[in-house]
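Scroll down for the structure; my scribbles are underneath it.
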Amino acid sequence: MQTIRLNGYTAAASVPLLRLGTRDSFGIERLQVVPGAEWEGLALTATFVTPAGSTRMVVNEDGTVEVPAAATAAALTPETPGRIVFAGTGAGVQRITADLPYLVTDHAAVEGDTPAPEPSAWEQYVTRMQQALDAVVPPTGNPGQVLTKTSEGNVWTYPSGGGGSGGGGYTIGAGLRLDPESNVLSVDTADAVEADNTRPVTSAAVYTTVGNIDALLATI
């Protein structure tokens, strides 16, 4: 994997002349982008420009970026190189590098698969956002899924498919209750302070208990 360092308005490769494989090879090359201090906090993209057009790719959170198939669809020589332009955007800020040239080596004719079209920059951003959401909410989850505290830690409850104790095919953990008529999930509270009751106590019950203590203290 080639390393590209961004400093100011310059993008510099780790080698004197960047080469991205051979013509029509795709799905292999990746770049590691290392942003300088001026680029910190900016959302990064890399635009690969060839005589046939340009393709913009979103730089991943780990600094890597895939080289799109369009960037290596034709041989690129020192006389007519490809170019990579990096851009960083933030709140009221946009920084763009000068062109970073790259080459693609030609070869004899072969038959191969036609690459699928690259997703747009917007589609790539949507994919990144969905991946971030999937890291928080299981991708198999449905609205109403509950994070339940168990002896093994906090876990998401999944549809059991058989009704279960919570109605609608969900298992509701301790401290929660589901009204099967309204489908409203709420905290299972206690209306009075009682011994051996581990449920959360309502503020009204606390107010009453404190009031009783005040009344007793007034008689002392």
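The values are calculated or read from the model by the stated rules, or taken from the named source; none is laboratory data. All values derive from a computational prediction rather than experimental measurement. Methodologically, a virtual Cβ is constructed for each residue, glycine included, from the backbone with ideal geometry; neighbour enumeration extends over all protein chains shown. Accessible surface areas use protein heavy atoms only, side chains included; no ligands, DNA or RNA. Shrake-Rupley method; radii C 1.70, N 1.55, O 1.52, S 1.80 Å.
Summary of values
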item: Residues located in region 44-80, provided they are among the β-branched types (Val, Ile, Thr) and either in a loop (DSSP other than H, G, I, E, B) or more than 16 Å from residue 103 (Cβ to Cβ) (or both); result: 45, 47, 55, 58, 59, 64, 65, 67, 77, 80
item: Residue identified as open to solvent by 60 Å² or more (accessible area, probe 1.4 Å), free of Cβ contacts under 8 Å to residues at least 40 places away in the same chain, within 21 Å of residue 123 (Cβ to Cβ) and charged (D, E, K, R) among 83, 5, 30, 56; result: 30
item: Of all residues making up region 16-27, the number that are closer than 17 Å to residue 98 by Cα and free of Cβ contacts under 8 Å to residues at least 60 places away in the same chain; result: 1
item: Tally, over region 82-100, of residues that are in contact with an Asp or Glu (Cβ under 9 Å, 6 or more places away or on another chain) and in a loop (DSSP other than H, G, I, E, B); result: 0
item: Candidates 86, 48, 26 - the one that is modelled with pLDDT under 95 and of a type in the set (Phe, Trp, Tyr); result: 26
